[in-house]
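Worksheet: one structure, shown below.
Computed from the coordinates by the stated procedures, all read-outs in this text should not be read as laboratory data. Because the structure is predicted, anything quoted here is derived from the model rather than measured. Every residue, glycine as well, gets a Cβ built from its backbone with ideal geometry; the counts of neighbours run over all protein chains shown.
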Amino acid sequence: MEQISTDPDFMRHLTAFGPFDTRPEGRVSSWAPTPGETLGGHAARQVLRLCEAAGLSGSDSAEYARTLLTALGPVAERPLDLPPPYDSFLSDDHSPVEYSLAFTPDARPTLRVLLEPGCGAESLAENGRVGLRAVRAMARRWGFDTQRLDELEDLFFPPDPEGPLALWCALELLPGGVPKVKVYLNPAASGEERSVATVREALRRLGHARAFASLPPSERPLFLALDLGDWEEPRAKVYLVHRDLRAPEAAGLSRTAGGPAQAEIARFFRTAAGHDVDGLGSPDGRDVPLDRRPGLSCHAFTETGTALPSGFTLHVPVRDYARHDGEALDRAVTLLRRHGMDPAPLVQALRAVTTRRPEDGVGLIAYLALVHQEGRPARVTVYISSEAYEVRPPAPAPRARAEAVH
Ligand code: TRP
């Protein structure tokens, strides 16, 4: 892993990159690939530019681009004109990379990268093994321990796993070149019917014996996520799927003790889903469900001994409820301003990942999320697709409304 900093491959990936990019705007594709462009080259360039948008130094940016290539492993070399390595669930076009900006009031947003280290593997079992190796290599490199993950290995890495993923990891790209690391595990690894038991047992082993009982009803758990490394309060997070979610139900999903104001969650939901312009209510007074891609809630457990979570997040998959990214961006800007955050870095970030105009596709903004962690101001997170392989064309008609009338 250490040899990567002098890896000549890294330079090769970046040869097409220049700080003054003169490629034309407005293509209906992501960066038009230069001949021989690789997945790693594409992603590394995006990271360099995103790091700039997030205010990171040049050396941190270069370090993080290298880190991303290392984490992707040999698939980084894969030419972009080949299809994606496999039908990864990580993003709609199966790019094994997705970005996000976590906004807080009065600070620059934090840039994060979600990736699937095992995306080049032949099987889901091997995908998981590659993922574990990648996370352990990070642990050695940055000097943290993986004990919390090791304790769960038998639950999430059975010999013949099922489900939509094996292991993803997310890196928070902080100033200094050493990221914070999170891993995402698949509760359905031992069968979807065992998801609930798997998550309950995982939480128990992590010291949260009573946590599962405090979760709201849901269709199923989607991920169990763990903070690894140098976190003030490492979290275990449970992501839940809520089919046909409406604003009032979304508002009631939080189980934190203090709890965010329900009205604030409902308002966020309606604005993100496009159910109104100002978040105050739908025009006909009815609440429209998210009947395409489901909404997700995430519950973060920190303090052992307390049954209740200390954090709550609502994820709205805006891309399935907007005609194009121009609309999604407008909603993101409204939400950021409402919560006291400057949307400028988001606009810059979108330009960092693609030359296409937001109106020319949908899915560049994948999710909008409202994050509450006890004792901290509310955060808004915007998930940004890599679109390494494909841009989803804009939808022909206002999708949420069209659905609402019948
Ligand atoms: N692509 C999957 C989805 O859209 C999983 C996923 C990727 C996801 N990034 C995410 C889920 C961010 C929630 C938030 O559901």
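Once every DSSP H run of n ≥ 4 in the chain is given -39500 (n - 2.57) and the sum is divided by its residues, what mean residue ellipticity at 222 nm do you get, rounded to the nearest 500 deg cm²/dmol?
Details: 12 runs with 122 residues, N = 406.
Computed ellipticity for the chain at 222 nm equals -9000 deg cm²/dmol.
To the nearest 20 debye, what charge dipole does the stretch 100-183 have about its Cα centre, counting +1 at the Cβ of each Lys and Arg and -1 at the Cβ of each Asp and Glu? Let's see the in-between values first.
On the way: 10 positive and 12 negative charges, 111 e Å.
Magnitude of the dipole: close to 540 debye.
Place a point 7 Å from Cα of Arg136 in the direction of its Cβ. Which residues in the stretch 157-198 have their backbone N less than 14 Å from it?
What the label zone holds, given the 14 Å backbone N cut-off, is 157.
Which residue, Thr70, Pro83, Gly55, has the largest displacement toward the positive end of the dipole of the stretch 26-178 when charges sit on each Cβ (Lys, Arg +1; Asp, Glu -1)?
Gly55
Roughly how far apart, in whole Å, are the Cα centres of the stretch 214-232 and the stretch 85-102?
If we compute the Cα centre of each part, the gap is 19 Å.
Could you size up the charge dipole of the stretch 34-181 around its Cα centre, putting +1 on the beta carbon of Lys and Arg and -1 on that of Asp and Glu, and report it in debye to the nearest 20?
Approximately 640 debye in magnitude.
Hey, got the dipole for the chain? About the Cα centre, +1 on K and R Cβ, -1 on D and E Cβ, debye to the nearest 20?
660
Under a Cβ-Cβ cut-off of 14 Å, what is the net charge of the residues other than His208 that fall near it, where Lys and Arg count +1 and Asp and Glu count -1?
Computed value for this residue: +3.
Excluding Ala134 itself, what net charge comes from residues whose Cβ is under 12 Å from its Cβ, given Lys and Arg +1 and Asp and Glu -1?
My count for the surroundings of Ala134 gives +4.
Of Pro216, Ala349, Gly363, which is farthest on the positive side of the dipole of the chain, counting Cα position, with +1 on Lys and Arg Cβ, -1 on Asp and Glu Cβ, and the Cα centre as origin?
It is Pro216.
Grab every C-alpha pair in the stretch 315-358, bin the distances at 10 angstrom width from 0 up to the longest one, and report whole percents.
27, 55, 18
Assuming 0.36 nm per residue, please report the length gained on full extension of the stretch Arg194 to Glu233 beyond their Cα-Cα distance.
11.2 nm
How do the peptides 148-158, 66-76 rank, highest first, by the average count of neighbouring beta carbon atoms within 10 Å per residue?
Working: 148-158: 17.1, 66-76: 21.7.
Packing order, densest peptide first, comes out as 66-76, 148-158.
What is the ratio of the Cα radius of gyration of the chain to 2.2 N^0.38 Å, with N the residue count, to two decimals?
That works out to 0.94 for the chain.
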